[in-house]
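Worksheet: one structure, shown below.
Laboratory data are not the source of any read-out in this text; all were calculated from the coordinates shown. Since the structure is predicted, the reported quantities are computational estimates derived from the model, not experimental observations. Cβ coordinates were reconstructed from backbone atoms using ideal geometry, including for glycine residues, and neighbour counts include every protein chain displayed.
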Amino acid sequence: MIPKAALLFLAATLGVLPAAAHAHSPVEGMNEFYNGVLHPLLVPAHILLILATGLFIGQRGPRENRLALPAFFLAAAAGLALAGAGVAPDTVGGLLLAGTTAIGLLTAAGRRAPLPLYPAAGAFAGFFLGFDSTPEALDGRERILALVGTGVGLNLWLIYACGIADFFSKKPWQRVGLRILGSWVAASSILVLALTASSR
Amino acid sequence: MTLTRTIVGTLFLLLIAEAALAHEAEGFAGGFVSGLLHPLFGWDHVVAMIAVGLWGAFLGVPAIWLLPVVFPLVMACGGAAGVAGLPLPAVEAGIAASALVLGAMVALAARPPLWAAAVIVGVFAVFHGHAHGTELPHAASPLAYSAGFVISTGLLHLSGIALGLGARWRAGRVAIRAGGGAIALAGVGFLTGVL
């Protein structure tokens, strides 16, 4: 016969140890907003798409294609709104990788793409990055805070990538460096796209 | 009472125990580091990638900048074939031959037309990519692993290009051609199994 105290101790131990399961582990000690800001940096596919889009837009110069950044902003807001509404995406992973490959290849090509392609790339990236950022296990105010944080994060990281690419696109060797980065991003995506396709 | 304490104590220890890992290759960081290190631990990969950079430097503009842009993309296509399970005969022999041929090109200061150089490098890129691609399904984070090994390969090219910039000077050209000869010899060693 196990004494009551031992059972209580065991129950307490079992109750304390389990942790909530998260698709992307939130950073401890931060509220939902800041976790949302960091969310794009915790998902490898998101980092690559933000990098590819930022390099692509920055390579041409944000001033020359003024619609690209607003298109990203509006599309991200739309994608996040759908994610917040609980429209759970299942097949977005492949689309993110396909988009990253295409935008990475355009960056690697290094030539001036037709102007409408820049806002199109921005809108594609913004929408699917937002759509793929459903805050899990959060409701009400916390869920909204996480979504707003993710929106701020997505735009912030894109502007950083864009600004760096714009700054480092003045000299010929810098432009080659951007093309090399674009080819690395595209190559990484091609491989995982192949893995995704072969595992289906 | 002693039995009860033993049972509770054992359960408690079981609950707090964590798995012992020989290598902490988990998650994004683990996958990235694994990918980054994978090309560096195979000497056949290392010398061939450096030879690509050295040859690019010898060939001059635009090859010096074209190779590091095109090589990762062709390598990724080879990797995709590896991931898809498409068989490629004699992968290891192809990688060893890449060191021999590319090293010889540097040693001889060969200057074929750009398209011919691209075809030679592209064929070998497929072999290198295929070898990396077959490792991908076992990676902790495939995307992080592939980003790691693409960056690592690119950095090896850039190392070769940086060394190849010494070709501006006469003594540098001699040293680089000697390096190419050493890489070709290493390729012979890989092919024959001596190395």
Computed from the beta carbon distance with a Förster radius of 35 Å, FRET efficiency for A:A81 and A:S199 to the nearest 0.05 stands at 0.65
Taking the convex hull of the alpha-carbon atoms of the protein assembly as shown and averaging its shadow over every direction gives an area in square nanometres of 25.9 nm²
Taking the range A:40-199, the whole-percent share of alpha-carbon pairs separated by over 19 angstrom is 51 percent
Total charge of the residues flanking A:G110 in space, meaning their Cβ is under 10 Å from its Cβ, with Lys and Arg +1 and Asp and Glu -1, is +4
If each K or R counts +1 and each D or E counts -1, the residues other than A:G61 whose Cβ falls under 13 Å of its Cβ total +4
Between the alpha carbon centres of the range B:104-175 and the range A:83-152 the gap in Å comes to 33 Å
Counting sequence-distant residues (5 or more places) and residues on other chains, those with an amide H built under 5 Å from that of B:L195 are B:F190
Dividing the mean separation of Cα pairs under 8 Å (6+ apart) by the residue count of chain B yields a relative contact order in percent of 37 percent
Measuring from its Cα centre, the protein assembly as shown shows a charge dipole (+1 at each Lys and Arg Cβ, -1 at each Asp and Glu Cβ) which, in debye to the nearest 20, is 1500 debye
Those helices of chain B passing the 30 Å axial Cα length cut-off and the mean Kyte-Doolittle cut-off of 1.0 (DSSP H runs only) are B:142-164
Output field shielding_mean for B:58-69 (other chain Cβ, 10 Å radius) holds 3
Rounded to one decimal in nm, the spacing of the 7 Å Cα→Cβ label points at B:E92 and A:N31 is 5.9 nm
Rg/Rh over Cα atoms for the range B:82-125, Kirkwood Rh, comes to 1.06
Computed for chain B: size of charge dipole around the Cα centre, +1 on C-beta of each Lys and Arg, -1 on C-beta of each Asp and Glu, debye to nearest 20, value 760 debye
Length gained, B:A178-B:T10, 0.36 nm per residue minus C-alpha separation, equals 53.9 nm
